[in-house]
1. Just need the Rg to Rh number for the range 255-312, please, alpha carbons only, Kirkwood Rh.
2. Among the listed pairs K87/K225; K300/K422; K332/K369, which have their C-alpha atoms separated by more than 19 angstrom in this model?
3. Rounded to a whole number, what is D in µm²/s for the range 68-161 from Stokes-Einstein with the Kirkwood radius over alpha-carbon pairs (4 °C, 1.567 mPa s)?
4. Using θ = phi - 60° and the Karplus curve 6.51 cos²θ - 1.76 cosθ + 1.60, what whole-Hz ³J(HN,Hα) does each residue of the range 333-347 get, with Gly and Pro shown as x?
5. Under a crude label model (7 Å from the Cα following the beta-carbon direction), how far is A194 from L142 in nanometres?
6. Taking only the alpha-carbon atoms of the range 325-365, what semi-axes of the equivalent ellipsoid follow from 5 times the gyration tensor eigenvalues under a square root, in whole Å, largest first?
7. Please give the calculated 222 nm ellipticity per residue for the chain, where each DSSP H segment of at least 4 residues contributes -39500 (n - 2.57) and the sum is spread over every residue; nearest 500 deg cm²/dmol?
8. Between N59 and Q253, what FRET efficiency comes out of the Förster formula 1/(1 + (r/R0)^6) with R0 = 30 Å and r the beta carbon distance, rounded to 0.05?
Amino acid sequence: MIIKVNQNILNLKPSATLAINQKVNYLRRNGGNVYHFGFGQSPFPIHESIVDALKANANNNHYLPTIGLETLRQNIAEFLLEHQNIKVDSDFIYIGPGSKELLYQTILILDSVFLIPKGSWVSYGPQIKSKNGTYIILETNLVDNFKLTSDTLKTYCEDNPEQQKTLILNSPNNPTGAVYTIEELKELADVCRANDVVVISDEIYSQINFTETFSPSISQVYPEKTIVFGGLSKVFSAGGYRLGFMALPKDLQFLHDTFRSMFSETFSAVAAPIQYAAIEAYKMNDGISDQIKCCSLILKGVSHYIASKLKDVNIECTQPQGAFYMMIGFNKFKGKINTLGIYKSDQLSDYLLEKFNVALLPSSDFYFKDEDLFFRLAFVDFDGQKAIRAYNNKPFVNEQFIQKYCPNIFGGVDRILEFVKKMS
Ligand SMILES: Cc1ncc(COP(=O)(O)O)c(C=O)c1O
């Protein structure tokens with residue numbers, strides 16, 4: 001008998017980020033030195049007050065309420081108000097095992113066409129595909145740091161008035177490092193309001209902002225239909241804890257029971273000790289907030305070093321303003337690159353790993369055309385603990401700092417420059 005399988009799921013590839021990480025680990029295990037710009041995990045330690053809270057609750061073996069501990073949901077509401085200027089009702093905050101799972105469940109529940117700006121996170125598309133849903137890529141450009149403009153959104157909405165639409169917006173952005181200004185968000189909000197667009201606002205990197213303590217949110221200017229997502233993974237450097245949250249806005253609160261039922265029929269509840277650790281995180285004591293500021297400034301210094309070195313030799317770069325990423329482009333060297341028999345970003349990504357030991361993710365994984373020679377460069381391949389210590393002694397990130405505390409970043413940039421020299 002033929003075993004039938006959901007074809008939408010069978011056709012999914014393994015997540016690009018996890019795939020490159022496995023390849024790099026394999027090469028490293030076999031003695032190769034790889035400059036790993038491929039994986040976006042925080043390099044910094046979890047603040048000890050959060051770890052202590054986890055330890056103190058290690059013997060808690062209870063199933064907690066499906067949507068999360070009330071105290072945690074209240075703490076998150078207070079945190080959002082105090083630290084992100086977002087007003088949400090704690091009754092409509094939901095805790096899940098990572099924001100990824102909450103995004104997935106939201107995508108399952110909403111019967112929409114999803115709008116994804118070119119230059120967005122890898123997983124939105126496959127999540128939508130897995131339910132046989134539809135997504136549309138909205139064009140963006142390097143001059144705008146690959147941010148979606150209100151004109152592009154307006155044109156799409158006016159050309160497709162009959163569809164129910166959900167815009168997926170991520171700021172600070174993975175893969176570009178761009179942060180939307182409140183003015184840009186207001187312009188997008190006006191278009192969303194005029195066209196009844198629901199917004200999924202993925203704010204998982206909010207506090208990792210290179211100039212401010214948090215990043216503007218479209219929910220500040222479009223509170224009625226924006227679902228806000230966040231979590232412990234990036235801001236609190238605790239990806240492995242697997243805890244995220246979402247906050248439902250007024251116009252979607254009728255879905256409260258639907259979300260609760262979905263959660264109870266799938267993951268039941270997030271692990272009890274982790275929820276107690278998260279309560280501590282969202283109190284945001286001075287030690288935690290100082291550490292987040294310090295980490296953001298280190299990342300800012302590292303990103304500016306990379307961007308200035310690469311721009312010097314004509315590599316196109318986004319201007320990183322937050323998160324762990326920037327995009328870099330080799331389109332100006334296309335002619336010479338084509339002579340290597342390389343026409344697509346995934347081919348060049350393989351070539352750079354094989355010949356230059358540099359791991360970069362091709363932009364085709366982020367909704368760019370295959371022939372567009374852009375890449376995501378994640379700048380977190382260093383020992384964050386050592387970098388924090390050094391930065392606290394002398395708060396200045398220059399070339400010497402990078403060479404000493406981020407040697408793989410230093411070496412990797414050198415290898416990219418070497419490649420470009422060959423292509424010039
Ligand atoms: C843009 C973006 N959104 C969501 C996530 C998911 O984060 P988590 O499930 O760890 O909360 C990530 C993780 O890499 C991300 O980069």
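1. 1.29
2. Cα-Cα > 19 Å for K300/K422; rest within.
3. Numbers: Rh = 15.7 Å.
Translational diffusion coefficient: 82 µm²/s.
4. 10, 3, x, 5, 5, 4, 5, 7, x, 10, 10, 10, 5, 6, 5
5. Between A194 and L142, the label points sit 3.1 nm apart.
6. 16, 13, 9
7. Value at 222 nm, helices only, nearest 500: -13500 deg cm²/dmol.
8. Numbers: r = 36 Å, r/R0 = 1.19.
The pair Q253/N59 has a calculated efficiency of 0.25.
The values are calculated or read from the model by the stated rules, or taken from the named source; none is laboratory data. This is a predicted model, so every value here is computed, not measured. Counting neighbours? That spans all protein chains shown, and the Cβs are built from the backbone with ideal geometry, glycine included. Quick note on the areas: whole protein, heavy atoms, side chains included, nothing else; ligands and nucleic acids left out. Shrake-Rupley method; radii C 1.70, N 1.55, O 1.52, S 1.80 Å.
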